[in-house]
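Asks: There's a structure below that I have some questions on.
Read the figures in this text as sums done on the coordinates, not as results from a lab. Fair warning: this is a prediction, and the values are worked out from it, not measured in the lab. Please note: Cβ atoms are built from the backbone with ideal geometry, for glycine as well, and neighbour counts cover all protein chains shown.
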Amino acid sequence: MQVHSFLHQDTETYTHVLADSDQQLCAIVDPVLDFDAKSGRTRTDSIDEVLEFIRSKDWQLVYIIETHAHADHLSAAIHVKEALGGQLVIGKYITEVQKIFKQVYNFDTSFRTDASQFDILTDEDSVLQLGGIEISVLHVPGHTPADMAYVATDNEKSVVFVGDTIFAPDVGTARCDFPGGDAKTLYRSIQKLLSLPEDTMIYLCHDYPSQGRQHCPSTTVAAQKLGNIHVKNGINEAEFVQMRERRDATLAMPRLIIPSVQVNIDAGRFPEPEVNGVRYLKVPINAL
């Protein structure tokens, strides 16, 4: 098993490539599309570096895995699929997020809320096979109703891709104040992750390093239990919920939430062009 991590500097997001190099098969986890909010322009420079890396290894892309519908970056899943193929994977509870945000954006009846935009829908205990790597799925809601963690295991080790449930120990945990989020639920989801073997490598979706520390794509279950500022050993559910709710009340909305969510709940697709050939995104006023 190999894991290669690519940092998207603008959003501090990690895109990971999981590979069975012996069988030349791989998966991409949480691909990022470059998006300039000031101009409304998209680019693919960052994800193209990931795609070129995969091509250089002569690996076949099997899965494009989204841990959840992100609110801080736009997904590059469609670009990846067009370039290298692969099946687009997300948790089945994306339907709940689609229904919530269909109302927020007032989408018309043509917007599908049955998750049919995706190829594979996962649930607790779903299993994907990537050559000699078994990828088992944990439902870890709280940040959103649809968050999934993906535990990849071969005959040598296990790693887990946790999305936004938990960050590096000095950063803490994900916010829970988006529609459908819940701090108590997140605490219980994180306990699932912390019950994995202590040497399990945790691959993060984001890193927001404290001053003096470089960005880092991974940590371990042991490091989280020992030092995570929000959920380390000794912090109980009530204490976590009180902290999380108080902290969330002070947070601004993510810079890219308006464009990100409406694209990501549609599997990374932009709306169809209008009669002038231009695609448009919606901005709900005073709704978030």
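Asks: Run lengths n ≥ 4 of DSSP H only: what is the helix-derived mean residue ellipticity at 222 nm for the chain, with -39500 (n - 2.57) per run over all residues, to the nearest 500?
Replies: Values: 7 runs with 72 residues, N = 288.
The per-residue figure over the chain is -7500 deg cm²/dmol.
Asks: Based on alpha-carbon centroids, what's the gap between the stretch 219-264 and the stretch 13-72 in Å, whole number please?
Replies: Rounded to whole Å, the Cα centres lie 25 Å apart.
Asks: Could you list Ile135, Ile100, Ile166, Ile285 in order of exposure, starting from the residue whose Cβ has the fewest other Cβ atoms within 10 Å? Present the calculation step by step, with values, prior to reporting the outcome.
Replies: Values: Ile135 23, Ile100 19, Ile166 29, Ile285 6.
Lowest to highest Cβ neighbour count: Ile285, Ile100, Ile135, Ile166.
Asks: Could you tell me the calculated FRET efficiency between Ile229 and Arg255, based on Cβ-Cβ distance and R0 = 35 angstrom, to the nearest 0.05?
Replies: Values: r = 23 Å, r/R0 = 0.67.
E(calc), rounded to 0.05, equals 0.90.
Asks: Show me 241-247, 180-186, 138-144, 15-21 ranked by packing, highest mean number of other Cβ atoms within 10 Å first. Don't skip to the answer; put the middle values down first.
Replies: Numbers: 241-247: 15.9, 180-186: 20.1, 138-144: 25.0, 15-21: 21.7.
Per-residue mean Cβ counts within 10 Å order the peptides as 138-144, 15-21, 180-186, 241-247.
Asks: Would you work out which of Tyr93, Gln242, Ile64 lies farthest towards the positive end of the dipole of the stretch 2-256? Charges go on Cβ: Lys and Arg +1, Asp and Glu -1.
Replies: Highest projection toward the positive end goes to Gln242.
Asks: Something else: Taking the Cα centre of the chain as the origin and placing charges on Cβ (Lys, Arg +1; Asp, Glu -1), which of Ala37, Gly277, Phe161 is farthest toward the positive end of the dipole?
Replies: Comparing the listed Cα positions along the dipole, Ala37 ranks first.
Asks: Give me Asp22, Asp170 sorted ascending by neighbouring Cβ count inside 10 Å, so fewest comes first.
Replies: Working: Asp22 11, Asp170 15.
Ranking Asp22, Asp170 by Cβ neighbours within 10 Å, fewest first, gives Asp22, Asp170.
Asks: Starting with the highest mean, order 48-56, 217-225 by the number of other Cβ atoms within 10 Å, averaged over the residues of each peptide. Intermediate results must be reported in sequence, preceding the final value.
Replies: Working: 48-56: 15.0, 217-225: 18.9.
Going from most to least packed, we get 217-225, 48-56.
Asks: Same structure, new question: Please identify, among Asp123, Asp154, Asp45, the residue showing maximal mean-square fluctuation in a Gaussian network model of the chain using a 10 angstrom Cα cutoff.
Replies: Evaluated over the chain, the most mobile residue of the options is Asp45.
Asks: What dipole magnitude, in Debye to the nearest 20, does the chain give about its Cα centre under +1 on Lys/Arg Cβ and -1 on Asp/Glu Cβ?
Replies: Details: 25 positive and 40 negative charges, 159 e Å.
The dipole of the chain has a size of about 760 debye.
Asks: Is the stretch 1-97 best put as rounded, prolate or oblate by its Cα gyration tensor, with a ≥ b ≥ c the root eigenvalues, rounded for a/c under 1.5, and otherwise prolate when a/b is larger than b/c, oblate when not?
Replies: Details: a/c = 1.91, a/b = 1.31, b/c = 1.45.
Cα axes put the stretch 1-97 in the oblate bin.
Asks: Only Cα pairs under 8 Å and at least 6 apart count here; give the relative contact order of the stretch 135-179 as a rounded whole percent.
Replies: Contact order relative to length: 32 percent.
Asks: Can you tell which of Asn233, Asn106, Asn276 shows the greatest fluctuation in a Gaussian network model of the chain with Cα springs below 10 Å?
Replies: Asn276
Asks: State, as an integer percentage, the relative contact order of the stretch 68-194 based on alpha-carbon contacts under 8 Å between residues 6 or more apart.
Replies: Numbers: 204 pairs, mean separation 26.6, N = 127.
It rounds to 21 percent for the stretch 68-194.
Asks: While we're here: With both bridge residues required to lie in the chain, what share of the DSSP beta bridges run antiparallel, to the nearest 5%? Each step should come with its number before you reach the end.
Replies: Details: 36 of 50 bridges.
Antiparallel: roughly 70 percent of the beta bridges in the chain.
Asks: Report, in cubic angstrom per residue, the convex hull volume of the C-alpha atoms of the chain.
Replies: Numbers: hull volume 38.3 nm³, N = 288.
Taking only Cα atoms, the chain has a hull volume of 133 Å³ per residue.
Asks: Can you count the Lys pairs in the stretch 2-256 with C-alpha separation below 26 Å, eight or more apart or on different chains?
Replies: Taking the Cα cut-off of 26 Å, the pair count is 19.
Asks: Rounded, prolate or oblate for the stretch 73-122? Axes are the square roots of the Cα gyration tensor eigenvalues, ordered a ≥ b ≥ c, and the cut-off for rounded is a/c under 1.5. Don't jump to the answer; show the numbers that get you there.
Replies: On the way: a/c = 2.26, a/b = 1.68, b/c = 1.34.
Prolate.
Asks: Something else: Hey, if you put +1 on the Cβ of every Lys and Arg and -1 on every Asp and Glu Cβ in the stretch 2-256, which of Tyr208, Tyr14, Gly131 ends up farthest toward the positive end of that dipole?
Replies: Selected residue: Tyr208.
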